[in-house]
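J.: Below you'll find the structure I mean.
The values are calculated or read from the model by the stated rules, or taken from the named source; none is laboratory data. No experiment lies behind these values; they were computed from the predicted model shown. Here Cβ is always computed from backbone atoms with ideal geometry, including for glycine, and neighbour counts include all displayed protein chains. In case anyone asks, the SASA skips ligands and DNA or RNA and just uses the protein heavy atoms, side chains included. Shrake-Rupley method; radii C 1.70, N 1.55, O 1.52, S 1.80 Å.
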Amino acid sequence: MSTELTRNFSIIAHIDHGKTTLSDRLMEVTSTVTMRETSAQQLDSMDLEREKGITIKSHPVAMQYKAKDGKTYKLNLLDTPGHVDFSYEVSRALAACEGAILMVDAAQGVEAQTVANLHLAEQQNLKIIPVLNKIDLPAADVPKCKRQLEDILCIPEDDCIPASAKAGIGIEEILEAIIARVPAPVENPDKILRATVFDSLYNTYRGVVSYVRIFSGTIKRGQRVKLFATSKTYEIKEVGIFTPKMTACDILSAGDVGYVIANMKSASEVKIGDTMTDSTHPCSEPLPGYKEIQPMVFSGIYPVDSSDYEQLKTAMGKLQINDPAFTFSQESSTALGFGFRCGFLGLLHMEIIQERLRREFDMDVISTYPSVIYHVDLTDGTEVIVDNPTLFPEAQVIQEIREPIVNVYIMVPGEYIGDMMQLVLEKRGEVTNTETIDDMRVMLSCVLPLSEILVDFNDKLKSQTKGYGSMDYEHAGYRAAKMVKMDMLIAGDPVEAFSTIVHRDKAEGYGRRLAERLKEVIPSHLFVVAIQAAVGGKIVARESISAMRKNVTAKCYGGDISRKRKLLEKQKEGKKKMKMFGKVNIPQDAFIKVLKSS
Ligand code: GDP
């Protein structure tokens, strides 16, 4: 079949600029779903996604549109995850398109995320259709937004389509622009099956459902296919399209977007970005762009109650079936007992997994301080990858350490520019460019170490700008940094749950803060307890807890023996929740408190 009447596109937008509303509206206008169905907002399904205002799984949808030229077109809208943690998935979904709608809230203007998203779309050479949404709002300023798009993103003013997804203004113009401006898919003349898998999910009843875009050839039930990354072959059980419900069809051909179900057991068998081809007549090369997904952030996750260990393992296994980017392996810590070392795509991904463990599996967990991946060159010429402070090599065998860095875009009201530059500097970053967006705001482009924005960067940005600042980032490779491992010694013994990898210049300050916090949460003992932060055997910060036994019965004068006993019982009870470290008892919740606040 000819691909002339097919258009594949995606919508990229900052959170709340109206992507979901526009998708619903497009489905409604093309009669893909009725008004009543759309009220439930079709595309964002998972609760957590809705709360966080992000989409994690792409949900493609096939629409039919009768254009002004009288022809009926097949329009495939590929939704993309709206967060940088999932930028690889976004790039794969975008690679399956020829065009993208760049949506900007006309009352808000361009945001940091708009810039980062546009970069991803441009890398895939997509035709961009700029849409200024929410023109029904009194605060909408179309001419100003057009200028911003032209100045910051080099998008010609005349290309912009003013619209209101909510009021239904400009929808037809958008559809016509998709037909006119987005190129039709071009098929490879050899017509050999080449399909890219841009997402997959695990369905309890159907097994693994792979979302595919066919670049050339056809795919149908009964066909044997091969996946490049694993060289495994499978028999296709079903092919279909999303209307938006999964609807089986006979065949998917070049240009189409749909799903295939084969005999796979776990989502990890299919790698996102991989190429599917015919196993008897395979193509010689896979489609470009495939990468093995690598976790970027690591953290230990431990059950608060150690008897929940097996349950936690089962829960993690279940999460992984649908989310192969999440990794976990067993680890144990003297402080926290048995738990897991987990790998995530980024901080948001980490938060999502932790939250799902709590909500869907009712698990009470504690996580250790997150760490990024370091590439360490050793003096013997080998390279090791370190994702856990306990694996950090001895200083004398280290040649060079490289840490992951990110390009960060920060959008703030002009008056905060000084504070932001200060913040970036504190976080070991540099500002590479400042640009005035409008009479109110500036955009700072910066380069920062990923580890520095992991924990509190966004919170600080929000609090220092009274909530007006926004940021987004993209990964930008690795660069050399003087990192050291810092240990915390309590009464002379290292407690590895508190070990971290920090920059040499920051070790002292960080060590001091950690020691102060530990002093607050560790109870007094019969002897003086020293708390020390050490880098390579050198003490960089110290605190001590003076000796004293809390005499809990002191308040009870006279002979109320039952009350005394009760208090002593209580003290014993309190002791049970402590962990012994050499000679020192540390309350279990000390770890939670310190790790949470550090
Ligand atoms: P998303 O996060 O980009 O998917 O944004 P949504 O589609 O969920 O929209 C965010 C909010 O903006 C919702 O409250 C919508 O009702 C509202 N909204 C979306 N489009 C328009 C519009 O054209 N005009 C107005 N006034 N509100 C809109």
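J.: Can you compute the radius of gyration and Dmax for the chain, using only the Cα atoms, both in Å?
T.: So, for the chain, Rg and Dmax equal 27.8, 99 Å respectively.
J.: Tell me which trypsin sites (Lys or Arg not before Pro) from segment 254-349 have a DSSP coil assignment and no more than 14 other beta carbons within 10 Å of their own. Could the numbers behind the result be given before it?
T.: Values: sites: Lys265, Lys271, Lys291, Lys313, Lys318, Arg341; in loops: Lys265, Lys271, Lys291.
Counting only loop positions with at most 14 other Cβ atoms within 10 Å, the trypsin sites (Lys or Arg not before Pro) in segment 254-349 are Lys265, Lys291.
J.: Moving on. Considering only protein heavy atoms and a probe of 1.4 Å, how much of the accessible area of the chain is carbon and sulfur, as a whole percent?
T.: Numbers: 13640 of 27360 Å².
Using a 1.4 Å probe with all protein chains present, the chain comes out at 50 percent carbon and sulfur.
J.: Next up: Just how much of Phe338 is accessible, in Å², when a 1.4 Å probe is used and the result is rounded to the nearest 10?
T.: 120
J.: On to the next question. Rounded to the nearest 500, what is the chain's calculated 222 nm mean residue ellipticity when only DSSP H runs of at least 4 contribute -39500 (n - 2.57) each, over all residues? Don't skip to the end; give the middle numbers.
T.: On the way: 15 runs with 157 residues, N = 598.
My calculation for the chain gives -8000 deg cm²/dmol from helical runs alone.
J.: Related question: May I ask for the distance between the Cα centers of segment 377-405 and segment 410-453, given as a whole number of Å?
T.: So the two Cα centres are separated by 30 Å.
J.: Follow-up. Using DSSP to define loop residues, name the trypsin sites (Lys or Arg not before Pro) in segment 441-479 whose beta-carbon has at most 10 other beta-carbon atoms within 10 Å. All intermediate terms of the calculation are to be shown ahead of the outcome.
T.: Values: sites: Arg441, Lys460, Lys462, Lys466, Arg479; in loops: Lys466.
Listed in order of number, the matching sites are Lys466.
J.: Where the centre of each part is set by its Cα atoms, how far does segment 125-192 sit from segment 234-282, in angstrom?
T.: If you average the Cα positions of each part, the centres end up 30 Å apart.
J.: A further question follows. Accessible area per residue of the chain at 1.4 Å probe, in Å²? The partial results should precede the final answer.
T.: On the way: 27360 Å² over 598 residues.
Per-residue accessible area for the chain comes out at 46 Å².
J.: Okay, moving on. Based on the Cβ-Cβ distance of Thr247 and Thr432, what FRET efficiency does E = 1/(1 + (r/R0)^6) give at R0 = 35 Å, to the nearest 0.05?
T.: Values: r = 48 Å, r/R0 = 1.38.
According to the calculation, E is roughly 0.15.
J.: Take the alpha carbon atoms of segment 477-508, find their center, do the same for segment 335-363, and report the distance between the two centers in whole angstrom.
T.: Cα centres, segment 477-508 to segment 335-363: 23 Å.
J.: For an R0 of 51 angstrom, estimate the FRET efficiency from the Cβ-Cβ distance between Lys538 and Lys71 and round to the nearest 0.05. Intermediate results must be reported in sequence, preceding the final value.
T.: Details: r = 75 Å, r/R0 = 1.47.
Rounded to the nearest 0.05, the efficiency is 0.10.
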